[in-house]
Amino acid sequence: MALEFLITTNGFKGTWSAIEYGAWLAEAMQMKVTLLGVTERLNPAAIDDHSPLEDVFERAVGLFKQKGVEYSLEVQHGEAEHAIAEKANSGDFITVVSPLGRPQLRRWLTGRSIRHFMETIKRPILYVPELRLPLKKILISIGGLGYEVAAENLAFQVAKAVQAEVTIMHVIPPTDLDYDYPSSRDVREHKNDLAETDTLPGRGLRTALEIAQEAGLKANVTARQGNIVDEILAEVREGNYDMVCMGSPYGASGGLRQYYSPNVTAEIAESVHCPVLTARYKRE
């Protein structure tokens with residue numbers, strides 16, 4: 001479990017979602033907050049100009065005090081993507097980020113910031129594209145290979161702190177008929193009762209459900225079949241979830257590709273309108 005929230009901003013108005021959400025969750029989980037502000041494009045000729053970070057920090061401090069959250073403040077200079085990643089990897093943090101307001105051309109050329117953060121930050125990431133409170137329903141998408149366990153356990157802790165309902169889902173991907181093994185057929189044929197089977201995904205669903213129930217959470221399992229990204233997005237829309245939790249493709253062996261291509265979690269984060277929690281797989 002991370003000991004502290006690292007809430008980040010570059011002064012862009014959209015990053016207030018990360019600050020407000022991080023403060024709310026820190027209060028619920030009784031965790032300390034570090035607010036990291038990154039000043040970009042420092043101009044010596046404008047050194048006395050009013051920085052957008054000043055207003056953001058003043059507003060954030062008022063929010064932290066209102067919620068009784070222990071906090072510290074830090075300012076760095078440079079490009080936000082690099083400064084945030086460096087700080088995030090220096091301690092035991094859950095890094096809370098929102099879109100940084102990059103121009104569309106830059107996003108097209110280099111990709112969105114969340115992709116860079118997933119590649120470079122080794123600790124859990126909470127991506128907040130839009131504020132979604134209160135947190136009542138969490139969707140946990142599992143691949144069945146165990147790589148999502150770190151994120152799954154963290155999601156359970158969040159759910160317990162705020163008494164959110166949890167749905168644990170497995171998506172059965174399309175199968176090439178040339179590689180239609182008996183185990184694959186078993187999974188497809190038991191989509192509606194997958195958690196009761198002795199298949200690898202079934203055992204994963206069952207184990208996660210047991211852990212959630214032992215923690216006193218209201219939890220259920222579900223399975224869908226089809227394109228992984230499309231089915232997760234469909235479940236999010238239909239279930240009206242307030243948070244999505246997924247494993248990170250980084251920090252695991254190549255076997256993870258069976259369920260998560262390197263871009264699947266990022267694609268979900270870029271497409272949904274609710275926070276996305278992700279954490280890298282940790283070997284024992």
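The values are calculated or read from the model by the stated rules, or taken from the named source; none is laboratory data. From a predicted model like this one, the values you see are computed outputs, not experimental measurements. Here the Cβ positions follow ideal geometry from the backbone for every residue, glycine too, while neighbour counts run over all protein chains shown.
When residues of the range 192-219 are filtered for being modelled with pLDDT of 80 or more and in contact with a helix residue (DSSP H, G or I) (Cβ under 8 Å, 6 or more places away or on another chain), how many remain?
The total comes to 16.
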Got a sec? Which of Gln30, Gln66 is under 23 Å from Gln157 (Cβ atoms) and either modelled with pLDDT of 95 or more or charged (D, E, K, R) (or both)? Gln30
Which numbered condition Ser141 misses (of (1) in contact with a helix residue (DSSP H, G or I) (Cβ under 9 Å, 6 or more places away or on another chain); (2) not assigned by TED's automatic domain parsing to the domain that holds Gln225): (2)
What is the number of the single condition among (1) at pLDDT below 95; (2) surrounded by fewer than 22 Cβ atoms within 10 Å (Cβ to Cβ); (3) of a type outside the set (Phe, Trp, Tyr); (4) under 14 Å from the mean Cα position of the chain (by Cα) that Asn227 does not meet? (4)
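Condition check ((1) buried (at least 20 other Cβ atoms within 10 Å of the Cβ); (2) modelled with pLDDT of 90 or more; (3) among the basic types (Lys, Arg); (4) over 27 Å from Thr120 (Cβ atoms)) across all residues:
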{"position": "Ser184", "(1), (2), (3), (4)": "no, no, no, yes"}
{"position": "Glu189", "(1), (2), (3), (4)": "no, no, no, yes"}
{"position": "Ser253", "(1), (2), (3), (4)": "no, no, no, no"}
{"position": "Ser271", "(1), (2), (3), (4)": "no, yes, no, no"}
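Residue-wise test of (1) more than 28 Å from Ala28 (Cα to Cα); (2) surrounded by 18 or more Cβ atoms within 10 Å (Cβ to Cβ).
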site: Ile94; (1), (2): no, yes
site: Pro99; (1), (2): no, yes
site: Arg107; (1), (2): yes, no
site: Ile114; (1), (2): no, yes
site: Leu126; (1), (2): no, yes
site: Leu133; (1), (2): no, no
Of these, Arg123, Arg102, Arg132, Arg107, which one is in a helix (DSSP H, G or I) and either in contact with a Pro (Cβ under 7 Å, 6 or more places away or on another chain) or assigned by TED's automatic domain parsing to the domain that holds Leu35 (or both)? Arg107
What number of residues in the range 38-63 are of a type in the set (Val, Ile, Thr), at pLDDT 95 or above and more than 16 Å from Gly14 (Cα to Cα)? 1
